[in-house]
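The values are calculated or read from the model by the stated rules, or taken from the named source; none is laboratory data. Bear in mind that the values here come from a model prediction, so they are computed numbers and not experimental data. When we count neighbours, we look across all protein chains shown, and the Cβ atoms used for this are built from the backbone with ideal geometry, even at glycine. Accessible surface areas use protein heavy atoms only, side chains included; no ligands, DNA or RNA. Shrake-Rupley method; radii C 1.70, N 1.55, O 1.52, S 1.80 Å.
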Amino acid sequence: MSHSVFAQFLLHLGDSQLILSHRLAEWCGHAPELELDIALANIGLDLLGQARTLLSLAGEEEGLGRDEDQLAFFRNEREYRNLLLCEQPNGDFAQTMVRQWLMDHYHHLLFAALSHSQHKALAAFALKSLREVKYHLRFSTAWMERLSLGTSEAHAKTQLGLNELWRFSKELFVLTTEEQGLVTEGLIPNIEPLKAQWLDVVTVELQRFELSLPETGAYRSGAKQGLHTEHLGFVLAELQYMQRTYPNMSW
């Protein structure tokens, strides 16, 4: 039972990194300037590398003979477990930075906690990824500051992006009843208390950015139940096209 639950937890982590990576890849050739184009692509590649490791671990745990490629390209929408926040459209550059900034703060706390897992491979992955996340967080924080404290138009767009995305923040750090058993076994730490830390840090930063914390209510969740927004299907149609059209193709 724990193997199946642990595999689903790893899928949740891996799917989130995979879908967010794909969203950042959509900026390639479209970012406001060349330096940002390269930076977003590099962050996306970091996330893709993290997704590969997590999906490989998930495949090993579930024991069904599926590797990272089969998990990425041959599952349907309801089988994905990614956070709803990751699948939201890029919108404008400000909205993309808001989404990335919220996720980077999440990743910073999450991977620090997972580095203490009794599962050696997961702990090693989290420790390695934490070094990448620290760069990601510096990048997104710098742009949140520039945008929010820049022109009135940039400030307004950043606030609008925050208002649009905030309702997807509820499911961060939430563990299911079954996953609580993984905590008891030492496979994962209890990450639920980290939500309060995340909210405290984000709230302080928003005050510094002169942005308003959106009102609570009308939250959306359902990642671990495979209940997604309408946007994921379009992401998967693009992500999976080549393998679905030409199964098992190789370069």
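From the list His116, His155, the lone residue that is in a loop (DSSP other than H, G, I, E, B), open to solvent by 10 Å² or more (accessible area, probe 1.4 Å) and touching a helix residue (DSSP H, G or I) at 6+ places or on another chain (Cβ under 9 Å) is His116. For the range 210-231, taking the residues that are charged (D, E, K, R) and closer than 27 Å to Trp143 by Cα, the one that is modelled with the lowest pLDDT is identified as Glu215. Might you check whether a residue that is more than 15 Å from the chain's Cα centre (by Cα), at negative phi and not in a helix (DSSP H, G or I) occurs anywhere in the range 87-96? Looking through the range 87-96, at least one residue is more than 15 Å from the chain's Cα centre (by Cα), at negative phi and not in a helix (DSSP H, G or I).
Between Leu57, Leu40, Leu71, the distinction of being within 25 Å of Thr158 (Cα to Cα) and of a type outside the set (Lys, Arg) belongs to Leu40 only. Restricting the range 31-68 to residues that are in a loop (DSSP other than H, G, I, E, B) and either of a type in the set (A, V, I, L, M) or free of Cβ contacts under 8 Å to residues at least 60 places away in the same chain (or both), the residue that is least open to solvent (accessible area, probe 1.4 Å) is Ala31. For Glu61, only one of the following conditions fails: (1) at positive phi; (2) touching a His at 6+ places or on another chain (Cβ under 6 Å). What is its number? Evaluating Glu61 over (1) at positive phi; (2) touching a His at 6+ places or on another chain (Cβ under 6 Å) leaves (1) as the failure.
Of all the numbered requirements in (1) assigned to a helix (DSSP H, G or I); (2) aromatic (Phe, Trp, Tyr); (3) closer than 21 Å to Arg81 by Cα, Phe173 misses one, and that requirement is (1). Pairs only if they're at least six apart or on different chains, beta carbon under 8 angstrom, first in the range 100-124 and among the hydroxyl-bearing types (Ser, Thr, Tyr), second open to solvent by 10 Å² or more (accessible area, probe 1.4 Å); list them, first residue then second. Every condition considered, the pairs that remain are Ser115/Ala123; Ser115/Leu127; Ser115/Leu130; Ser117/Ala123; Ser117/Gly186; Ser117/Leu187; Ser117/Pro189.
If only residues of the range 194-251 that are of a type in the set (Gly, Ala, Ser), part of a loop (DSSP other than H, G, I, E, B) and touching a Leu at 6+ places or on another chain (Cβ under 8 Å) are counted, the one that is least open to solvent (accessible area, probe 1.4 Å) is Gly222. Please enumerate the residues belonging to the range 1-30 that are assigned to a loop (DSSP other than H, G, I, E, B) and surrounded by 18 or more Cβ atoms within 10 Å (Cβ to Cβ). Within the range 1-30, Trp27 is the sole residue that qualifies. Restricting the range 69-79 to residues that are open to solvent by less than 40 Å² (accessible area, probe 1.4 Å) and assigned to a helix (DSSP H, G or I) leaves a set whose member that is farthest from His3 (Cα to Cα) is Ala72.
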